[in-house]
Amino acid sequence: MTKPTILTVDDDPMVSAAIARDLRSRYGADYRIVRATSGAEALGVLAELVLRDQSVALIAADQRMPQMTGVELLESARTHAPGAKNLLLTAYADTDVAIKAINDIGLDYYLLKPWDPPEERLYPVVDDLLGDWRWANPDHTSDVRVVGHRWSDRSHEVKTFLARNHVPYRWYDIEADAEGGRLLGLAEATAADLPLVLVPDGETLRSPTTLKLAAALGLRTRAEQPLYDVCIVGGGPAGLAAAVYSASEGLSTVIVEREAPGGQAGQSAAIENYLGFPKGLSGSDLTQRAMAQVARFGAELVLAHDVVGFEARGPVRAVLFEDSGEIEARALIVARGWPTGGWRWPGSTSSTAEASTTARTPARPASVRATTSTSSVPPTRPARPP
Ligand SMILES: Cc1cc2nc3c(=O)[nH]c(=O)nc-3n(C[C@H](O)[C@H](O)[C@H](O)COP(=O)(O)OP(=O)(O)OC[C@H]3O[C@@H](n4cnc5c(N)ncnc54)[C@H](O)[C@@H]3O)c2cc1C
């Protein structure tokens, strides 16, 4: 794949050389850094790139340029490279113009000049913008392929799991796509094997369980430790936030999530009311940022396990998985959002609803204060039946 382009636009040759040098030293291995010295030249470069089918990841433009300002250029560039991220380099006096551009043209970020040291002022911003761009523009050469029936529930579940975990995939309906039939024949698969999931460089998965699929994709499905300070059930916004606070206090923390991080919010196209994001952000952006923060503080995310209950074991609690695994923790936080059904207790014939709004937390060390989100912690099950 050709490297995506980062285009810098500045009429001052010294500044233009400096920004190109700083960007090249950090991103040169993965991106092509192209310079333009005016808005008109930049639009010409963009037109050329579009005709050659080359993608533009970022346009970094200076605001104060003759003939065409940075904001005017970025607005015009929308027609050439609609998916590119926009960064405006401004002087302090132009801050109001930059803020207005966030609303008017959807400016992604503005950066006050000078940006030295780039490690502190430039790279974190560009990392973030390029991370978002990569997320929205995956490389299709490594796509997973899914072959199945359009109306099959399991095919739908597999596709949803892949999409929610941001795994790019190509879908082949065996009734509509000749390629689907061809892949089915090559795998010598029968109807019972559907959906077939072909992971690049991996084995052919035949009607895989979610756990097996997650493991084949290299997603983490096992906890690294047998015992944690804090175990959080549910990886929606509440669970991810709890993990950040817990891990940032130095507590060993694990999140158990049955589907994908981000919860309901992860499916939102635009969240406008999240504090700190004046322009709003998509649910997948929010999830990506939260996951980066979770990872930075060293909290673990264990996927594809449905928690079905707890078990008291002296000072710790075991979190029990549907598929017989478990994790022990000193404190539990239940953040499973809007429950779609009662909590099922293993060994019980009835389904137990989480009706209580009183947070009854299990035993915990004095230093750990467990909190709950929308769900209360259900009573711990005294002992696991034989
Ligand atoms: C399409 C859409 C758009 C939205 N837009 C907005 C908006 O713009 N602004 C706004 O304020 N709110 C919005 N919301 C609401 C917002 O997403 C929710 O309020 C928020 O996600 C709740 O967060 P949560 O972490 O408490 O629960 P959830 O997001 O529901 O997360 C709970 C997580 O727990 C997991 N889980 C549940 N049970 C188990 C179990 N037994 N074992 C393991 N894991 C389990 C689930 O898979 C899920 O990932 C939107 C919701 C949707 C669906």
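Bear in mind that the values in this text are calculations on the coordinates, not laboratory data. These numbers were taken from a predicted model, which means no experiment stands behind them. Here Cβ is always computed from backbone atoms with ideal geometry, including for glycine, and neighbour counts include all displayed protein chains.
Overview of results
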quantity	calculated
Selected residue (criterion: nearest to Asp285 (Cα to Cα)) from residues of segment 105-122 that are in a loop (DSSP other than H, G, I, E, B) and out of contact with any strand residue (DSSP E or B) (no Cβ under 6 Å at 6 or more places or on another chain)	Gly106
All positions within segment 18-61 that are part of a loop (DSSP other than H, G, I, E, B) and basic (Lys, Arg)	Arg52
Matching residues, segment 305-338, being of a type in the set (Lys, Arg) and either farther than 26 Å from Pro237 by Cβ or outside any strand (DSSP E or B) (or both)	Arg313, Arg336
Subset of segment 277-304 (residues that are in a loop (DSSP other than H, G, I, E, B), within 13 Å of the ligand (Cβ to nearest atom) and crowded, with 21+ Cβ neighbours inside 10 Å)	Ala304
So Tyr274, is it within 9 Å of the ligand (Cβ to nearest atom), of a type in the set (Phe, Trp, Tyr) and in contact with a strand residue (DSSP E or B) (Cβ under 7 Å, 6 or more places away or on another chain)	yes
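One line per residue, one yes/no per condition, for (1) of a type in the set (Asp, Glu); (2) assigned to a loop (DSSP other than H, G, I, E, B); (3) closer than 26 Å to Tyr31 by Cα:
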| site | (1), (2), (3) |
| --- | --- |
| Gln67 | no, yes, no |
| Leu73 | no, no, yes |
| Ala77 | no, no, yes |
| Leu87 | no, no, yes |
| Thr95 | no, no, no |
